[in-house]
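Pasting a structure here, questions to come.
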Amino acid sequence: MRWMKAASALALAAGAALRVLHAAAQDLPDPSRGSIVVLEPQEWQGEGTRRGIVSAGRPVRVVGNAFHPSGIDRVTVNGAAAAVTVQRSGVTRWVTTISGAEATRRVEIVAYPRRGDPIMRIQNPGGGVQRGETPSPEPARDAPAPLPSPWVDGSGQPLRVGLASLPQEARTALLAALHGERAIVSAGADAELQLRAEGSAYLVIGPDGSIRHRVVAPTAAAGATGLVAVLVQEYGARQLATLSPPARTFGLQLAFPSGSEFRVGDGIEFRVNADGSGYLTLVDLGTDGTISVLYPLSSKDSAWVEAGQELILPSAAARAQFAPDPPYKASPPTGAGAVRAFITARPLMLPSPTSGPISADAFLRALRDTAVGGEAWATAVLYYRIVP
C-alpha cells in the first residue's frame, strides 16, 4: 500500500522487516559481514561454471548487487572501481567490464561497507566461488561512528517468513543469496510474510493476505536477487516501525482526524500535538517497505512546532499548492502501513519528498546526527490500512 504525493506522483509506502534463515542453515555466514551477488554473467551466479562467457577474448560485462547493514561505499573488481548505484531498497548495484583474459583467471570482487570489514567474492578459473577471504588492506579511511544504542535500534525480533510455498529450487537460491541473514527466519503458520510462486514471479504476501511485492523471476537466481532486495527494504521499514523510544523524551500525539482506513484515492490528513517544542518530521513506512518523507513537503514548510500547538497536515497552503489533488493520497498496493512522527531539537537532514524514497540506514544516521546534543526528543507511530 502506498500514499501518493500528488504533485510528483511519488508513491509512499510502509512495511515490516525481513531476513531469512532456514532452521537447517545455521552454518551460513554471519549477515553482519554483508553479501555480494553476481547477476551477470549468468554463468557466475551461485556456484555456476565459467564455460561460455569468454568468446575470442572479448570484454566481459560483470554486474551484481552488494549489501551491508551500514551501506556500501564502493565496489572494486580486480582492484578497479566499478560504477555503483544505490537502489531504493538500500542494495548497491555495481557494474563494470573486464577483459576476456581477466575473466579466464581468478576474479576478485570486493565491496567496502561504511563500517566493518570489506566483503570479498572470488570467482576461480574452475568455476567455483570462494567467500569470506580477507582482501588486501587499504589505506585507513574515516569511518562513521556506530549508531547509538538502544534508541536507534528496532525490536531486535527477526521477521518470520514462510518459504514452504516456494519451489525447492527457489528456496535454495534465496537462502544462498541471503547468505545466512539472521534477522529473517523461516517460519510456518505464524509467519508474518509468506512467499509464493505464481507463474514466472514470486509473491510476498502480508499477514492480511495483501500482495506487498510481485518479484519477476525468469530464473530461480534472478528471483532470489529480487526477493533479497525487497526483503531488505521491508526489514529497514520494520526497524523504524519498532524504533525504541529515547531516554529523554516528552509526549507526542499523532492521529488521523477521522479513522485509519482509507480507500485508494482518498485524501489523507494528520493531527499532531506535542508537549515539547521542536522540528517535526513525518516518515511513511509503506506497505511494501518503502520509506519516504511525508513532512516537510518542501523547504517552504515551517517544520517548527511549539509545545501544546495542534497542527493539522496538510496545511491550507499545501492544499492550495497541490490543488486540485490532495497532497497525500492513498494509492496501491493495498494493505497495512505505518507513519512515524519525530520532534527533534534540530531539523533532520533528509532529502525532500520529491527526491523519492530513502533507506532506513540514511534515516537513522540523520536521527543520530540530530540527537548528538543530548536534547530531549519524541517519536510516535500511527498505523493505517488502505483498501481497494
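Read-outs: derived from the displayed coordinates by stated rules, not from any lab. Given the structure is predicted, the values throughout are model-derived calculations rather than measurements. Cβ atoms come from the backbone with ideal geometry, glycine included; neighbour counts cover every protein chain shown.
Residue separation times 0.36 nm, minus the C-alpha to C-alpha distance between residue 345 and residue 277: what's the value?
Gain on stretching residue 345 to residue 277: 23.7 nm.
Would you please give the FRET efficiency between residue 165 and residue 247, computed as 1/(1 + (r/R0)^6) with r the Cβ-Cβ distance and R0 = 41 Å, to the nearest 0.05?
0.45
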